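The values are calculated or read from the model by the stated rules, or taken from the named source; none is laboratory data. Model, not experiment: these values are computed from the prediction. Glycine gets a Cβ as well: all are built from the backbone with ideal geometry, and neighbour counts include every protein chain shown.
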Amino acid sequence: MKTIVLGSDHAGIMLKEQIKSYLLEEGYFILDKGCYTSESCDYPDIAELVCREINSDTKGILVCGTGIGISISANRFKGVRAALCHDVKTAEQARKHNDANVLAIGARHIN
Ligand code: RB5
């Protein structure tokens, strides 16, 4: 079973939960590194928790308000290639052309 590690700050928690439900239905094993409430938290802390789990078999999804802060934070970790994507096309390109292993999403900027 494929593992996906999820993480978000308070601005991204609702979208993270939606993504989690979808991926569980699709049969993925999910490791949810938080946050777990809508109380304000710091996105670099969440990025670190997720990035420590990334390896050749395990990819991640990070969500914050814009996706910018959490992707910048994630890309500081060795072996992590986080791509901030806004739609299916950019996400596909990030996998095919950039070998991205972490998808970053801005919850306040996508529909
Ligand atoms: C939190 O309000 C917001 O600043 C954060 O989620 C993110 O957008 C930072 O890049």
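Among the residues of the range 87-102, are any within 11 Å of the chain's Cα centre (by Cα) and in a strand (DSSP E or B)? There is at least one residue in the range 87-102 that is within 11 Å of the chain's Cα centre (by Cα) and in a strand (DSSP E or B).
When VAL5, VAL50 are checked against the criterion of being assigned to a helix (DSSP H, G or I) and aliphatic (A, V, I, L, M), a single residue qualifies: VAL50. For THR90, the conditions (1) polar (S, T, N, Q); (2) in contact with a strand residue (DSSP E or B) (Cβ under 8 Å, 6 or more places away or on another chain); (3) modelled with pLDDT under 95 are fulfilled apart from (3). Quick check on VAL50: is it touching a Leu at 6+ places or on another chain (Cβ under 9 Å), surrounded by 19 or more Cβ atoms within 10 Å (Cβ to Cβ) and of a type in the set (A, V, I, L, M)? Considered against the rule, which asks whether it is touching a Leu at 6+ places or on another chain (Cβ under 9 Å), surrounded by 19 or more Cβ atoms within 10 Å (Cβ to Cβ) and of a type in the set (A, V, I, L, M), VAL50 comes out as yes. If you go through the range 33-89 and keep only what is within 15 Å of the ligand (Cβ to nearest atom), within 19 Å of GLN18 (Cβ to Cβ) and among the aliphatic types (A, V, I, L, M), you end up with ILE46, VAL50, ILE61, LEU62, VAL63, ILE70, LEU84. Among the residues of the range 15-30, those identified as out of contact with any Leu (no Cβ under 7 Å at 6 or more places or on another chain) and more than 12 Å from the ligand (Cβ to nearest atom) are GLU17, GLN18, SER21, TYR22, LEU23, LEU24, GLU25, GLU26, GLY27, TYR28, PHE29. Within the range 15-44, residues that are without any contact (Cβ under 8 Å) to a residue 40 or more places away in the chain have Cβ atoms under 7 Å from residues that are basic (Lys, Arg) and surrounded by fewer than 16 Cβ atoms within 10 Å (Cβ to Cβ) in these pairs: TYR28/LYS2; PHE29/LYS2, counting only partners at least 6 apart in sequence or on another chain. Only one entry of ILE30, ILE72, ILE61 meets the criterion of being part of a strand (DSSP E or B) and over 11 Å from the mean Cα position of the chain (by Cα), and that entry is ILE30.
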